[in-house]
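First the structure, in the form of structure tokens, and then the observations on it.
Nothing in this text is a laboratory measurement; each read-out follows from the coordinates by a stated rule. Owing to the predicted nature of the structure, the values given are computational and were not obtained by experimental measurement. When we count neighbours, we look across all protein chains shown, and the Cβ atoms used for this are built from the backbone with ideal geometry, even at glycine.
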Amino acid sequence: LKLEALSQIKNASTKKELQEVRISYLGKKGPITEVLRGMGKLSAEERPLIGQVVNVVRDTIKEEIEQKEQKLEELEVEAKLASESIDVTLPGRPIQIGAKHPLTAVIEEVEDAFIGLGFSVAQGPEVEIDYYNFEALNLPKNHPARDMQDSFYFTEELLLRTQTSPVQARTMEQHQGKGPVKIICPGKVFRRDDDDATHSHQFMQIEGLFVDENVRMSDLKGVLDAFVKQFFGADREIRLRPSFFPFTEPSVEVDVSCGICKGQGCRICKHTGWIEVLGAGMVHPRVLEMSGFDSSKYSGFAFGMGVERLAMLKHDIDDIRHFYTNDMRFLAQFKRV
Ligand code: PHE
């Protein structure tokens, strides 16, 4: 009986099996209990002998079960630890990372280029007062050039800025007549246009302003040439054409040579070999004076470019609305930009 019990204990591989063995040998209906119950029928001499044997057998079985129980418990803990262990040599699970929005990427690239040229980054409000958006830029009330920029007005004096140029006036005011002022300003602007492939009622511009003693048109040309070569490529050229802005005199429209056809003429440059990228000019003396600068001592240049336009040219994007509809198929293409 003892040997049989011990072999069953040895073979039990779970706590449940062990519990069954315990019940079958030591339980109320087990053989040991049965023998003890029958003791009364034994003679007085037999009783202590049998009793001792039975006790020894019972204690041995009990002990063995306890030992086995402990062992099983240890194994269980080990198994649990093994199942919870981390294999640090396995490759990590890839984390889904997003892409920078193409407009953000372009702004950062332009900022980097101009910071490299000694400019710092300024900001101004999107809700602007008429004075900074127009009047301080030499666009008095009822000036016909205001028609170039249909505006969203809140009141007669308050509107969504139509350009980043008001930041020119604000920044010059802050400098209280002392140069140099050397800033760029990226930001949202708003115009009452109907949206289509090339128009958006909200878009972005990057303004540039450099005011100091003896700033000349050739400085403007040099800075823009350096920027265009960094942004579009070292083989690109710029060309200035006369234009008009009320706050610059002279004013120019700046073209960059077409990177696709290298001047041969193609769809992108409408067969001219040149692509218009920005407006610029020498800050109008009246604008300098209105913002507190002595125009006999100081001169400056300013420029403004459309961020969407830069991004469309750089990535050959044919519809400005792609930037604002957040189609993941469009945005995911910029993961490595
Ligand atoms: N603000 C002008 C526009 O929106 C661009 C510009 C900026 C032109 C600075 C000249 C100088 O069209």
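Some points to look at:
- D (Stokes-Einstein, µm²/s), Kirkwood Cα radius, segment 1-135, 1.306 mPa s at 10 °C: 69
- 3J(HN,Hα) from dihedral phi, segment 69-85, Karplus parametrisation 6.51/-1.76/1.60, rounded to Hz, x for glycine, proline: 4, 4, 4, 4, 4, 4, 4, 4, 4, 4, 4, 5, 4, 4, 6, 9, 6
- Size descriptors for segment 49-129 (Cα atoms only): Rg and Dmax, in that order, 36.9, 113 Å.
- Helix 217-232 and the longest principal axis of the C-alpha atoms of the chain enclose an angle of approximately 30°.
- Dimensions (Å) - the chain, Cα atoms, principal axes, largest first: 136, 47, 39
- Over 27 Å (Cα to Cα) - which of Lys29/Lys62; Lys188/Lys314; Lys221/Lys335; Lys2/Lys80; Lys29/Lys80; Lys221/Lys262 fall in this group: Lys221/Lys335; Lys2/Lys80; Lys29/Lys80
- As a proxy for reagent exposure, ranking Thr162, Thr104 by other Cβ atoms within 10 Å from fewest up yields Thr104, Thr162.
- In segment 158-222, the ratio of gyration radius to Kirkwood radius, Rg to Rh, stands at 1.09 when only Cα atoms are counted.
- The charge dipole of the chain, taken about its Cα centre with unit charges on the Cβ atoms of Lys, Arg (+1), Asp and Glu (-1) only, comes to about 1160 debye.
- Inter-site label distance for Glu20 and Glu45 at 7 Å from Cα along Cβ, in nm: 4.4
- For segment 1-63, the calculated P(r) over all alpha carbon pairs, in 10 Å bins from 0 to the bin holding the longest distance, is 21, 50, 22, 7, 0 percent.
- Val277 long-range amide H proximity, modeled H, under 5 Å: Val254, Asp255, Val256
- For the pair Gln52 and Leu90, the difference between a 0.36 nm per residue extended length and the Cα-Cα distance amounts to 7.6 nm.
- Average Cα contact separation per residue, segment 60-171, under 8 Å, 6 or more apart, as relative contact order %: 22
- Relative contact order (percent, whole number), segment 138-273, Cα cutoff 8 Å, 6+ residue spacing: 16
- Sorted by Cβ density within 10 Å, fewest first, the residues Tyr131, Tyr25: Tyr131, Tyr25
- Diffusion constant of segment 227-337 at 10 °C, which comes from Stokes-Einstein with the Kirkwood Cα-pair radius and 1.306 mPa s, µm²/s: 98
- Mean projected area in nm² (Cα convex hull; one quarter of hull surface) for segment 184-290: 8.2
- Fewest-first sequence of Lys29, Lys62 by Cβ atoms within 10 Å of each Cβ: Lys29, Lys62
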